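Trainee: Supplied in structure tokens, the structure appears directly below.
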Amino acid sequence: MSLQNTLKALSDPTRREILSMLKKGKLSAGEIVEKFPVSGAAVSRHLSVLKEADLIRDEREGKYIYYELNASVLEETLLWLTELKGDKTND
């Protein structure tokens, strides 16, 4: 996992919306696609970017692929951002 991939994935509003959807639980690719006014191929590309950044995991169940949030990468990113921000109590 690289921070650059994570930040790139988080930079897109559609991908952030997908992550918000997945925080409620795993969803099939079809369930995700139906929530967006773009092609299935476009959503598939967004899912690929999220997966490359290790922000989501996928699991095949029969003929369906289900996606779920990988919160550990988000936690690592938040920790880095918090450390970058620094301790403001000394100002």
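The values are calculated or read from the model by the stated rules, or taken from the named source; none is laboratory data. Since the model is a prediction, treat every value here as computed from it, not as a measurement. Reconstructed Cβ throughout: ideal geometry from the backbone, glycine too, with neighbour counts over all protein chains shown. Side chains included, ligands, DNA and RNA excluded: accessible areas come from the protein's heavy atoms. Shrake-Rupley method; radii C 1.70, N 1.55, O 1.52, S 1.80 Å.
Trainee: Would you mind counting up the charge near Ser28? Only other residues with Cβ under 14 Å from its Cβ, with Lys and Arg at +1 and Asp and Glu at -1.
Mentor: Residues near Ser28 contribute 0 overall.
Trainee: Report the accessible area of Arg60, computed with a 1.4 Å probe over the heavy atoms of all protein chains in place, in Å² rounded to the nearest 10.
Mentor: For Arg60, solvent-accessible area is about 150 Å².
Trainee: Answer with a single label: of (i) 15.0, 53; (ii) 13.3, 43; (iii) 15.0, 57, which was calculated as Rg and Dmax of the Cα atoms in Å from the structure in view?
Mentor: (iii)
Trainee: Another question, then. Quick one: if the Förster radius is 30 Å, what FRET efficiency do Arg16 and Glu61 give, using the C-beta to C-beta distance and rounding to 0.05?
Mentor: FRET efficiency, Arg16 to Glu61: 0.70.
Trainee: Quick check for the chain: number of Lys pairs with alpha-carbon distance under 16 Å, counting only pairs 8 or more apart or on different chains? List each step's numbers first, then the result.
Mentor: Values: Lys8/Lys51; Lys23/Lys35; Lys23/Lys51; Lys24/Lys35; Lys26/Lys35; Lys26/Lys51; Lys26/Lys63.
Taking the chain as the scope, the lysine pair count is 7.
Trainee: Oh, and also: For the chain, take the longest principal axis of its alpha carbons; what is the angle in degrees between that and the long axis of helix 13-22, to the nearest 10 within 0 to 90?
Mentor: Roughly 80 degrees, rounded to the nearest 10.
Trainee: Can you tell me the length gained on complete extension of the stretch Leu3 to Lys23, counting 0.36 nm per residue apart and subtracting the Cα distance?
Mentor: Residue separation times 0.36 nm, minus the Cα-Cα distance, leaves 5.2 nm.
Trainee: Can you list which of the GluC sites (Glu not before Pro) found in region 24-69 are DSSP loop residues with at most 16 other C-beta atoms within 10 Å? Display every interim value, and only then the final one.
Mentor: Numbers: sites: Glu31, Glu34, Glu52, Glu59, Glu61, Glu68; in loops: Glu34.
Sparse-neighbourhood loop GluC sites (Glu not before Pro): Glu34.
Trainee: Tally Lys/Arg at +1 and Asp/Glu at -1 over every other residue whose Cβ is under 14 Å from the Cβ of Ala9; what's the total?
Mentor: Details: positive: Lys8, Arg15, Arg16, Arg45, Lys51, Arg57; negative: Asp12, Glu17, Glu52, Asp54, Glu76.
Local net charge: +1.
Trainee: Compute the distance in nm between two label points, each set 7 Å from the Cα along the Cα-to-Cβ direction, one at Lys35 and one at Trp80.
Mentor: Using points 7 Å along Cα→Cβ, the separation is 2.5 nm.
Trainee: To the nearest 20 Debye, how big is the dipole of region 8-58 about its Cα centre, given +1 on the beta carbon of each Lys and Arg and -1 on that of each Asp and Glu?
Mentor: With only Lys, Arg, Asp and Glu charged at Cβ, the dipole is about 140 debye.
Trainee: Over the heavy atoms of Leu69, what accessible area does a 1.4 Å probe trace out, to the nearest 10 Å²?
Mentor: For Leu69, the solvent-accessible surface is approximately 40 Å².
Trainee: Rank Gly40, Gln4, Ser28 by how far each Cα sits towards the positive end of the charge dipole of the chain (+1 on Lys, Arg Cβ; -1 on Asp, Glu Cβ) and give me just the farthest.
Mentor: Gly40
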